[in-house]
Amino acid sequence: MHYFEMLLSALGQGAIYAPMALGVFIAFRILNTPDLTIDGSFVFGMTVCAMVTVAGHPVLAILAGTAAGMLAGLVTGILQTSLQINAILSGILTMTGLYTVNYMVLGGQANLYLQQMQINESGVEVPVASQTIYKMMAAVAGNGEVSSLILSGLIVVIVSVLLSLFFKTRPGIAIRATGDNEEMVRSSSINADRSRTLGIMLANSLVGLSGAMLCQQQRYADLGCGNGMLVVGLASVIIGQALFGRRGVTLGVVSAVIGSVLYRMILQGAYQIDMPSYTVKLLSALIVTVALVMPLTKEKMNTMRIRRAGEKEAYK
Amino acid sequence: MSTQLSITRLTKIFEPGTANQKIALNNFSLEVKKGEFITILGSNGAGKSTLFNGILGKFFPDSGRIILDGEDITYWKDFKRAAKIGCLFQNPMRGTAPNMTIEENLALAYTRNASKSFFAVTRKDSGYFRELLATLDLGLEDRMKTKMGLLSGGQRQAASLLMATIAKPKLLLLDEHTAALDPVTSRKVLEITGKIIEQNQLTALMITHDMNQALAFGSRTIMMDGGTLVLDIHGSERAEMTPRKLVDLYTDQSGQLLSDRTMLSL
């Protein structure tokens, strides 16, 4: 039973972070752009979602969080294209600026619980947990992790299907081609700057969605939640890729989602051997490093093998 | 016949006022009639590619006008004028997106005048692309779902040629587009080029370093040097021209010898 719970938890967490992994996939794999906005847009989605949730609009809050991410992407996109600022620096600028914005959104504090003050029967003012989409789901499908997993899973499936379809549409292939060969896009009379900006907006809107989902699921927003998010997303994308390879865009979408779940499973495994939770970031960094070095190591070992075989042949 | 492209006194100086100052285009003027196919000769640094980049809008000229099909495009953005101009370069990698399929590449190029469908590749378009690819006679029509990056240089260049001409451009620019291919493939791609230009009655400019090619293709040959037009032959004068005479003419006109590469191609 213990393992079943672990699996459920990994699936649930994996689903919540899956849109973020999809965002990283779009930025790094489709647009071929290192977008560091992600750490900031994740929290921006979270804080905006928190404020709208507390105001009593749980569904709107998720959409608002998504839109917030999109706005962050727009800023990075403009910095990169119209203002010609280096891609990495553009992301860092937006991310850094967003820290202040996020602080302001939360009303000048670093975290916020999703609750409202209500007066109970005895006339005393007490905090009551705000309505969230996960609570709404629990009212229908019963309490517990299963119901929130179903909801997150449903969102992820819908997003993945829409995304896969989108990348077959005219604006969709324009975005893909912009990442592949920008010059060719320009000479096909497509505004590559606009395509790039749209792509970055799409990526960050998914990251914002992820932040919004996490906010309602954990019932609080915290400015620290975005730290290292990019590496988590990259780890997910790379793990998915190790399994499925780098092939079509639809398979890429699927592999990013599955990578997100697998990443959580690896973390669960780490907790099992009693690694404290603060080791997560180091572990993520290690996973990404190992995965990135793997192809080079393989190639080196291959050349070594060829050389050894060749020398053996020559001096036997 | 009406004028399709009119270039008037185009001038471009790179890094003016510095030690590296380079007059790339010097009062360059050229009138191209509709349906005309001009081959362009000139040694390295003569301004041929700069002329193309100017027409394509990679930079704005310091002075002069570019008028295409009655419209002054001198200060249009590059992607905007790309709707009317198809171009092909020496490097086959430049014109295609390697991680997308042949079909998707064609669809992207076709965006210029395709019906505004939701999906990039409709069944109707797909049938059209298949027909087009079949005309190349390279068997690509059966590999439409193959990634462009898996094709050979010649195949990619042939596909790029289709992409550059798929929207029936008002002007086709070919910048040594067969120079990186082996002789057999080069001939094949040139053959296809001639066929496509003829069938669609395209107005085209082709840069080449090959004197034979320059005289064999098209209806007019021009030569550039120091950013200006030094030679312009057509009609009977061109029909009687031989590569050897062309070199002599060039030497007389510009007072310098052609590059080794051009000489060797004789």
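The values are calculated or read from the model by the stated rules, or taken from the named source; none is laboratory data. Bear in mind that the values here come from a model prediction, so they are computed numbers and not experimental data. Methodologically, a virtual Cβ is constructed for each residue, glycine included, from the backbone with ideal geometry; neighbour enumeration extends over all protein chains shown.
The residue list B:74, B:101, B:11 contains one member that is under 29 Å from residue B:155 (Cα atoms) and among the polar types (S, T, N, Q), which is B:101.
The residue pairs whose first member lies in the range B:240-262 and is surrounded by fewer than 12 Cβ atoms within 10 Å (Cβ to Cβ), whose second member is modelled with pLDDT of 60 or more, and whose beta carbons are closer than 9 Å, counting only pairs six or more residues apart or on different chains, are B:244/B:211; B:256/B:43; B:256/B:225; B:256/B:250.
For the range A:287-316, how many residues are outside any helix (DSSP H, G or I) and either in contact with a Leu (Cβ under 7 Å, 6 or more places away or on another chain) or of a type in the set (Phe, Trp, Tyr) (or both)?
Here is the first cut: in the range A:287-316, the ones outside any helix (DSSP H, G or I) are A:315-316.
Going one step further and asking which of them are either in contact with a Leu (Cβ under 7 Å, 6 or more places away or on another chain) or of a type in the set (Phe, Trp, Tyr) (or both), we end up with A:315.
The total comes to 1.
As a summary of the residue check, residue B:187 satisfies the conditions (1) closer than 16 Å to residue B:95 by Cα; (2) part of a helix (DSSP H, G or I) except for the one numbered (1). Here the range B:37-88 is the region considered, the condition is being in contact with a Ser or Thr (Cβ under 8 Å, 6 or more places away or on another chain) and hydroxyl-bearing (Ser, Thr, Tyr), and the residue that is farthest from residue B:111 (Cα to Cα) is B:43. Suppose the filter is under 13 Å from the mean Cα position of the chain (by Cα) and either closer than 27 Å to residue A:164 by Cα or in a helix (DSSP H, G or I) (or both); does residue A:4 pass it? Considered against the rule, which asks whether it is under 13 Å from the mean Cα position of the chain (by Cα) and either closer than 27 Å to residue A:164 by Cα or in a helix (DSSP H, G or I) (or both), residue A:4 comes out as no. Given the structure, is residue A:274 more than 16 Å from the chain's Cα centre (by Cα) and surrounded by fewer than 16 Cβ atoms within 10 Å (Cβ to Cβ)? The answer is yes for residue A:274.
Yes or no, residue by residue, for (1) away from chain B (no Cβ under 14 Å); (2) in contact with a Gly (Cβ under 9 Å, 6 or more places away or on another chain); (3) at negative phi; (4) not in a helix (DSSP H, G or I):
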position	(1), (2), (3), (4)
A:139	yes, no, yes, no
A:151	yes, no, yes, no
A:159	yes, no, yes, no
A:173	no, no, yes, no
A:179	no, yes, yes, no
A:190	no, no, yes, yes
A:204	yes, yes, yes, no
A:221	yes, yes, yes, yes
A:236	yes, yes, yes, no
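Here residue A:95 meets each of (1) crowded, with 19+ Cβ neighbours inside 10 Å; (2) within 14 Å of another protein chain (Cβ to nearest Cβ); (3) in contact with an Asp or Glu (Cβ under 9 Å, 6 or more places away or on another chain) with one exception, condition (2). The condition (being in a loop (DSSP other than H, G, I, E, B), within 17 Å of the chain's Cα centre (by Cα) and not small (Gly, Ala, Ser)) is satisfied by just one residue among A:76, A:33, A:94, A:47: A:33.
Among the residues of the range A:268-282, some residue qualifies, meaning at least one is touching a residue at least 60 places away in the same chain (Cβ under 8 Å), touching a Leu at 6+ places or on another chain (Cβ under 9 Å) and farther than 28 Å from residue A:94 by Cα.
If you check B:106, B:140, B:56, which single one turns out to be within 26 Å of residue B:190 (Cβ to Cβ) and either free of Cβ contacts under 8 Å to residues at least 40 places away in the same chain or basic (Lys, Arg) (or both)?
On the way: B:106 fails: either free of Cβ contacts under 8 Å to residues at least 40 places away in the same chain or basic (Lys, Arg) (or both); B:56 fails: either free of Cβ contacts under 8 Å to residues at least 40 places away in the same chain or basic (Lys, Arg) (or both).
That would be B:140, the only listed residue that is within 26 Å of residue B:190 (Cβ to Cβ) and either free of Cβ contacts under 8 Å to residues at least 40 places away in the same chain or basic (Lys, Arg) (or both).
Checking each residue in the range B:190-221 for being over 18 Å from residue B:90 (Cα atoms), crowded, with 20+ Cβ neighbours inside 10 Å and among the hydroxyl-bearing types (Ser, Thr, Tyr) picks out B:203, B:221. The listed residues are A:85, A:119, A:150, A:133, and the only one of them that is over 20 Å from the mean Cα position of the chain (by Cα) and modelled with pLDDT of 90 or more turns out to be A:85.
With respect to residue A:168, determine if the residue is among the basic types (Lys, Arg), surrounded by 11 or more Cβ atoms within 10 Å (Cβ to Cβ), under 26 Å from residue A:217 (Cβ atoms) and within 24 Å of the chain's Cα centre (by Cα). Can you show your working first?
Working: among the basic types (Lys, Arg): yes; surrounded by 11 or more Cβ atoms within 10 Å (Cβ to Cβ): yes; under 26 Å from residue A:217 (Cβ atoms): no; within 24 Å of the chain's Cα centre (by Cα): yes.
So residue A:168 does not fit the description; no.
The condition of being assigned to a helix (DSSP H, G or I) and either crowded, with 17+ Cβ neighbours inside 10 Å or modelled with pLDDT of 95 or more (or both) holds for only one of B:43, B:49, that being B:49. Number of residues in the range B:6-38 that are closer than 16 Å to residue B:50 by Cβ and either small (Gly, Ala, Ser) or surrounded by 21 or more Cβ atoms within 10 Å (Cβ to Cβ) (or both): the value is 7.
Which ones in the range B:131-152 are surrounded by fewer than 16 Cβ atoms within 10 Å (Cβ to Cβ) and on the phi < 0 side of the Ramachandran plot?
Kept after step one, since they are surrounded by fewer than 16 Cβ atoms within 10 Å (Cβ to Cβ), are these residues of the range B:131-152: B:131, B:134-135, B:137, B:139, B:142, B:145-146, B:149-150, B:152.
The answer is B:131, B:134, B:135, B:142, B:145, B:146, B:149, B:150, B:152.
Taken as a whole, the range A:55-70 holds no residue that is part of a loop (DSSP other than H, G, I, E, B), over 15 Å from the mean Cα position of the chain (by Cα) and buried (at least 21 other Cβ atoms within 10 Å of the Cβ). Here residue A:224 meets each of (1) more than 21 Å from residue A:11 (Cβ to Cβ); (2) crowded, with 24+ Cβ neighbours inside 10 Å; (3) small (Gly, Ala, Ser) with one exception, condition (2).
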